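**Q** Okay, here's the structure, questions in a sec.
Just so it is clear, none of the values below were taken in a lab; they were calculated from the coordinates. Quick caveat, the model's predicted, so the values are computed rather than measured. Note that we place each Cβ from the backbone using ideal geometry, even for glycine, and neighbour counts take in every protein chain shown.
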């Protein structure tokens, strides 16, 4: 973030409907299997988006759902997208929202962040080898512990879902608990602080254990920021989901750090918006323009709040 | 269940350490890529376990974590394991514990249960096409809705995590909420009832929306059973996790239905236990023996409770 002077993250949540026809056409001509062609088209689109924007943003987030749709072909495209982002020396967050009981959570931690045991007795790097993943806290500490181990052993990060950006997130997350009148999301936030206590970086003082707090809920964001000062907040909801730049500033600390602002559709599918008046053949240009405008918007709001360090 | 006269489910949570050496050896000789060889070995093991047990049990559950470890090769083995179970005319539950905001949850629903949009404009059946999957409720109704649609449109099922079997599950799930002094897991259970209300089967009166309730918590199981009479309970925790047959009877209704009892390691890795004194070459026989004993154990407990219909 300091190098590129902004906290923005582009989401490669690539639905096939976002991919220009000429890329789909090329993929169909090249591959016999339509699942494979679809995954190839998404990968090609991602590579072009990354190449058009990586000099601007420090980070990309990839939501696994849009790749799992195409089975083994989608998983290959996901891995190759991760590789491409890493080749461009940018941070890659896999948004997988995984969760399970301890022994199975360990398999997930190894799949995405750790090392894998193979049938010839050797161990290999994780197939995906992301820098960080998202995890769901519903199962409690023993479902999180293997991910903490991966953070410590392999220099990785996790983002725990605390207050999600969707309309129904209040149903469980905002209900008050009778132990101390705090809500479920506050209780989870306190656990995030506890889980990350042994994983604080020496340079900036932030933990490997971050949290997801939707930009669509600025009041809850203020509460979370106070409860877990050392967590990096991954903030979805800006742009297409309706949150504004002024809503996301509450996720930052006074040092101007501590939050990553994410936008997917608003950037990667910008060419489809009337605002950019770009044809399919100019999708990279529109994405770049949208990324630049997002950065400007976030930096202006940070400056207005007195929290900008850049 | 009525056909095979038991409610047991075998978990194909196949760690590579469970696979006999001779299968691993064959896979290494056949495949150059060790990730692919590992996935092939797991698939071969699964096929043999299924073939040795499918005349006994109505259902198999597969935990995706142990396949995601091997990337695209693991996903291929997962799909082929699903296909093999379906070829044997048994129900297959994919234990993926997926969750996300509505638009992304829709992609997960399509990936595992629904239909997939491809780059040539056609739609295809889901790559995995499982009978049911597990889902995490933390995001609330809009993260569940797309899965309900898949249940209705494609005759599928989901199992919502309510009270999980792991030691830390009390941390959030058992905390009392101050609205009505019920716990979080009770609140989620009530939502399960609501989510399933429009998806009740005509033959047995059960809903397509089931719930996961760990056998390790019999008291909570009684509460859940009362709260959601029409849900099928997927019950992990029997066997290797320590729960006994007498603990699982609380998950059944008076009609002797309403629960699926799951065991993975206790069956598929039975050959490694001292009890069976079976060498690697007799792993299928040991698994079959363990399955038969599990069925006996559960049926005896059901008979003792007066709830057995078989």
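**Q** Grab the eigenvalues of the alpha-carbon gyration tensor for region A:1-117, scale each by 5, take roots, and send me the semi-axes largest first in whole angstrom. Numbers along the way, then the final one.
**A** Details: eigenvalues 118, 93, 24 Å².
The three semi-axes for region A:1-117 are 24, 22, 11 Å.
**Q** Could I ask something else about it? Shielding of B:173-184 by partners, i.e. mean partner chain Cβ atoms within 10 Å per residue?
**A** Average neighbour count from other chains, rounded to a whole number: 4.
**Q** Using the alpha carbons of region B:8-305, what is the convex hull volume per residue in cubic angstrom, as a whole number?
**A** Expressed per residue, the convex hull around the Cα atoms of region B:8-305 is 139 Å³.
**Q** Still on this model: What value, in deg cm²/dmol to 500, does the helix sum -39500 (n - 2.57) over DSSP H runs of n ≥ 4 give at 222 nm once divided by the residues of chain B?
**A** Value at 222 nm, helices only: -13000 deg cm²/dmol.
**Q** How many times 2.2 N^0.38 Å is the alpha carbon radius of gyration of region A:81-178?
**A** Ratio of Rg to 2.2 N^0.38 Å for region A:81-178: 1.21.
**Q** What gaps in nm, shortest first, separate residue B:242 from its twins in the other copies when you place the label 7 Å past Cα toward the beta carbon?
**A** 4.5
**Q** Express as a percent, rounded to the nearest 5, the fraction of DSSP beta bridges in region B:8-305 (both residues included) that run antiparallel.
**A** Looking only at bridges with both residues in region B:8-305, the antiparallel portion is about 15 percent.
**Q** Once you place label points 7 Å from the Cα toward the Cβ at residue B:296 and residue B:86, how far apart are they in nm?
**A** Each label point is offset 7 Å from its Cα along the Cβ direction, giving 3.5 nm.
**Q** Relative contact order for region B:1-137: what percent, with Cα pairs under 8 Å and sequence separation of 6 or more?
**A** Across region B:1-137, relative contact order equals 22 percent.
**Q** Still on this structure: For each of B:108, B:217, A:271, count neighbouring Cβ atoms within 10 Å of the residue's Cβ, then give the residues from fewest to most.
**A** With the sparsest Cβ surroundings first, the list reads A:271, B:217, B:108.
**Q** Treating the Cα atoms of region B:48-119 as identical point scatterers in vacuum, please give the log10 of the normalised Debye intensity I(q)/I(0) at q = 0.23 Å⁻¹, two decimals.
**A** The Cα Debye sum returns log10 ratios of -1.14.
**Q** In Å, what Kirkwood hydrodynamic radius results for region B:192-286 from the alpha-carbon pair distances?
**A** Kirkwood radius, region B:192-286: 14.6 Å.
**Q** On to the next question. Would you mind ranking B:80, B:86 by Cβ crowding within 10 Å, fewest neighbours first? The partial results should precede the final answer.
**A** Values: B:80 18, B:86 15.
Listed from fewest to most nearby Cβ atoms, that is B:86, B:80.
**Q** Compute the FRET efficiency between residue A:310 and residue A:282 as 1/(1 + (r/R0)^6), taking r as their Cβ-Cβ distance and R0 = 41 Å, and round to the nearest 0.05.
**A** E between residue A:310 and residue A:282, to the nearest 0.05, is 0.90.
**Q** What is the Å³ per residue value for the convex hull set by the Cα atoms of the protein assembly as shown?
**A** With only Cα atoms used, the protein assembly as shown gives 144 Å³ per residue.
**Q** Compute the label-point distances linking residue A:51 to its equivalents in the other copies; points lie 7 Å from Cα along Cα→Cβ; give nm, one decimal, shortest first.
**A** Result, one decimal in nm: 4.8.
**Q** At 0.36 nm per residue, minus the direct Cα-Cα distance, what do residue B:181 and residue B:272 gain on full extension? Give it in nm, one decimal, please.
**A** Residue separation times 0.36 nm, minus the Cα-Cα distance, leaves 28.2 nm.
**Q** Any idea what the relative contact order of chain B is, in percent, if you count C-alpha pairs under 8 Å spaced at least 6 apart?
**A** 17 percent
**Q** Find every distance from the label point of residue A:167 to the corresponding label point in the other copies (7 Å from Cα along Cα→Cβ) and write them in nm, one decimal, shortest first.
**A** 4.2
**Q** What relative contact order, as a whole-number percentage, does region B:220-290 give when Cα pairs under 8 Å and 6 or more residues apart are counted?
**A** Averaging sequence separation for qualifying contacts and normalising by length gives 27 percent for region B:220-290.
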